1. Quickly work out the Met309-to-Thr139 label distance, labels modelled 7 Å from Cα along the C-beta direction, and quote it in nm with one decimal.
2. Residues of region 276-419: accessible area per residue at 1.4 Å, in Å²?
3. How large is ³J(HN,Hα), in whole Hz, for each residue of region 231-238 in order, when computed from phi with the Karplus curve 6.51 cos²θ - 1.76 cosθ + 1.60 and θ = phi - 60°, using x for Gly and Pro?
4. Counting only other residues whose beta carbon sits under 12 Å from that of Val357, what net charge do I get with K and R as +1, D and E as -1?
5. Taking R0 as 51 Å, what's the FRET efficiency between Tyr430 and Leu236 from their Cβ-Cβ distance, rounded to 0.05?
6. With an 8 Å cut-off on Cα pairs and a minimum separation of 6 or more residues, tell me the relative contact order of region 132-347 in percent.
7. Once the piece of chain linking Ala103 and Ser471 is laid out straight, how much longer is it, given 0.36 nm per residue of separation minus the C-alpha distance between them?
8. Could you give the length gained by full extension between Asn351 and Thr441, i.e. 0.36 nm per residue of separation minus their alpha carbon distance, to one decimal place?
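The values are calculated or read from the model by the stated rules, or taken from the named source; none is laboratory data. Here the structure is a predicted model, which means the values were calculated and not measured. Neighbour counts are summed over all protein chains in view; Cβ atoms, including those assigned to glycine, are modelled from backbone coordinates with ideal geometry. To get the accessible areas, we keep the full protein, side chains included, count just its heavy atoms, and leave off ligands, DNA and RNA. Shrake-Rupley method; radii C 1.70, N 1.55, O 1.52, S 1.80 Å.
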Amino acid sequence: MCLWQKNSPRLTMVDLGAKTETVSLQNGYRQETSHIEGRRHMDRTSRSSVTLSDCGDGGYSETEPMLAERRLSGEEAEEDDKVEGEEGHISAVQNLPKESPLAMALQILVPFLLAGFGTVSAGMVLDIVQHWEAFQYITEIFILVPALLGLKGNLEMTLASRLSTAVNVGKMDSPIEKWNLIIGNLALKQVQATVVGFLAAVAAVVLGWIPEGKFQMSHAVLLCSSSVATAFIASLLQGIIMVGVIVGSKKTGINPDNVATPIAASFGDLITLAILAWISQGLYKCLDSYPYVSSLVCAFFMCLTPLWMVISSKHPASRTLLYSGWEPVITAMVISSIGGLILDKTVSDPNLAGIVVYTPVINGIGGNLVAIQSSRISTHLHFHCAPGEVPDEAKGCYYPCRTFCGTGANHRSAQVLLLLVVPGHLIFLYTIHLMKSGHTTLTPIFMSVYLAAAMLQVLLLLCIADQMVHSMWRSGKDPDSFSIPYLTALGDLLGTALLALSFHFLWLIGDQDSDVGD
């Protein structure tokens, strides 16, 4: 069944307890007889469909397969097979459409470039604001940058992945359930954004000041206020945009798995970084004359948290994650903060100041590409496997060739995503050069080292995603909610570390620019 092809006839899915229809399919499927479909529907609805009333009773679990109604027990499957054999008909099986590599690349290309230009803009903004007073006198703000920019992976991309899977399996066909999913997930995201923003500020204080024995309460409160306010405002804006993208993709017949996660990141970095810079600078200017402003800002956004918790707990789609979804986002925040510490130490070296403009680019591109792959693998597992079961090719010991060598849809997407790295980064590097941003000349050796670091980052991330998503599914966790935060945080850490090593290597071999640090 092709859920996003405009002109294909629509197969009405078992819509969470709603009645099903038997329709004639013209894309290679045969029509089921009405009595077989009727009996199957009654069996499945009584056995495993998830209704809104069930959800209200707390029976819904985020890790349950979204297509549980299509699986039968062994005896029931055998009985149905016999009936089908007698009637001479084959039941219609829900399958993802087969996308050619070209079609896949074209769908991914536009949002990928859009997301890339968003990260380029964020890099240019960071290159400018690094000279602002707040960033120069409170350098620990740089530790906040990867953690807050990583919220798009922790929250926005996770939301995009969950809603993309929900669209593809028909869970957003019902208006009531669609808005339950949207409102519950948006409220959950605001709770997580506020808490993660606060914890990111604490991590910045611990990583930045404690090792050096320095601590200033006014600066710590400013960090906390800036982080919480930025996380809250940016998450709300991006969440609304994300919902619009998912709903728009569904209406226009585009596979949201290919476009939602990159678009989630397209303006995410720019919006988040601009808000962080504006709030930090504003609070810094008020520090001497109105020192209580920072405390009031932090208290205001923290006091809104119980309200979002109440709203989130009333919706079954987010109730489970409100209690169990903290591990990935908090762990991802800690990983990103370590990347922020690397950035802080690198930026403090005037010889390596040029790294700033490229950090959001390499981190953002790596996170965007691996998020697409993670979302696609997760959707594939929701369609074809019960929780705890993985395809045959994912069993046994992992080896890197498994990710890229093969003819399956996930193999082709990994190949396409890896092939996008070099041309994509070349476009973004020349965009930065033409905009006369940054402090590094595009020499051939610089470009070679930079592209090698970018390729290694994405190669490692795609391999890790393959293993991680299947492992989480095998352990009963929904990869849509758990994998992307880890992967994007690892993308931030790998990207920042590899970029820092690249700049150190270039400095050591003598590829130095006279304008570095200007």
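1. 3.8 nm
2. 40 Å²
3. Per residue, the Karplus-derived 3J(HN,Hα) values read 4, 5, 5, 5, 5, 5, 4, 6 Hz.
4. 0
5. Efficiency, rounded to the nearest 0.05: 0.90.
6. 41 percent
7. Computed gain between Ala103 and Ser471 is 129.6 nm.
8. So the extension gain works out to 31.1 nm.
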